[in-house]
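The structure appears below as structure tokens.
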Ligand SMILES: Nc1ncnc2c1ncn2[C@@H]1O[C@H](COP(=O)(O)OP(=O)(O)O)[C@@H](O)[C@H]1O
Ligand SMILES: [Mg+2]
């Protein structure tokens, strides 16, 4: 399988793991000629922003030239774009590793995700889009301070805050648009790296970890663990929603009740923990691209394995000349 990974940025490990696990070429793209992860690949292309006209045409040209069999992206705004163009990719024999357009859009919008959870019986923090709705819920005791405020379509923990009173909430709401108010959750944060087979549509791999420390919106330290009840909860959620390919789910465990916090329908920043513990989702992708459905291997890893992040650097010559 030759794979094309779009917008690799600083995700060096993901590129390295593909090179290690699959037979065939790993081709990548980024907007920047000094994105560190491009130097890990067999070849790379510098491309314009995903909003550029003809962006998809350019990606299709790369697919044809490099005899690509599968394509995926590592950034949220590009997931919907790929999903919208599935037919164009399959027209040149390329499988898009990802979920449907609707699910990509739902995952980007935390109010939509809340509504989905509510409609389908999954726990999710009580959420409101406006101060008026929040105040009404406050009067009915459906929510109480502290609350968590974040952008409806946020990412990377930008512009998030814990708010204790109405005065501050009003100030924060005046400062930015498109915010939402959520019940503040207290509990153990959990991350799940999940693979849903692109051939059979069945969930085939789940890796779960307890988050120990968060830093700049990312899990800095975590420990792997297994719990059948959690696997069952995740499986039911994924099945009802209909996700496909690689997804990353954030949950809270509050006194034994699981809450869905967020879904990223792509390789999450914490995936290296799963791979290093033996959850080789690169191989699962390769099997799917070769038409092979993967067997169920949920929980095939060791508990009690710790992940600690640290900084790395990349050195290269000026490649822009
Ligand atoms: N309702 C909440 N209560 C308490 N903490 C929260 C809540 N929602 C999010 N968080 C914390 O903020 C972080 C970022 O929120 P998240 O919804 O994942 O947004 P992003 O898309 O920016 O990652 C989460 O990882 C979690 O630690
Ligand atoms: Mg998050």
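Quick note: the coordinates plus some simple rules give every number you see, no bench work behind them. The structure presented is a predicted model; accordingly, all values stated were derived computationally and were not measured. With ideal geometry, Cβ positions are generated from the backbone for all residues, glycine too; neighbour counts draw on all protein chains shown.
Things worth noting here:
- Ordered by the number of other Cβ atoms lying within 10 Å of each residue's own Cβ, fewest first, 56, 38, 143 fall into the sequence 56, 143, 38.
- Helix 12-21 and the longest principal axis of the Cα set of the chain meet at an angle near 50°.
- Here is how the number arises for the chain: DSSP H runs of 4 or more residues each give -39500 (n - 2.57), the sum is divided by the residue count, and the result at 222 nm is -9000 deg cm²/dmol.
- Candidates 181, 50, 249, ranked by Gaussian network fluctuation over the chain, Cα under 10 Å, top entry: 50
- Relative contact order (%) - criterion: Cα under 8 Å, at least six apart; region: the range 121-263: 25 percent
- Degrees between helix 110-120 axis and first principal axis of the chain (Cα, 0 to 90, nearest 10): 80 degrees
- For the range 174-321, the alpha carbon convex hull comes to 188 Å³ per residue, rounded to a whole number.
- Taking the three principal axes of the alpha carbon atoms in the range 1-66, the coordinate ranges are 34, 24, 13 Å, sorted in descending order.
- Short-range pairs are left out: with C-alpha atoms under 8 Å and at least six residues apart, the relative contact order of the chain is 17 percent.
- P(r) weight above 15 Å for the range 126-183, C-alpha pairs, percent: 40 percent
- As a proxy for reagent exposure, 21, 176, 73 were ordered by neighbouring Cβ count within 10 angstrom, fewest first; the result is 176, 21, 73.
- The value for the range 1-152 of Rg(Cα) / (2.2 N^0.38 Å) is 1.34.
- Considering only 233, 259, 271, the Gaussian network model of the chain with Cα springs below 10 Å gives its largest mean-square fluctuation to 233.
- At q = 0.06, 0.07, 0.08, 0.11 Å⁻¹, base-10 log of I(q)/I(0) for the chain (Debye sum, equal scatterers on each alpha carbon): -0.22, -0.29, -0.38, -0.73
- Where only C-alpha atoms are counted, convex hull volume of the range 258-321 per residue in Å³: 200 Å³
- Tilt relative to the chain, helix 166-175 - C-alpha long axis, 0 to 90 degrees, to 10: 40 degrees
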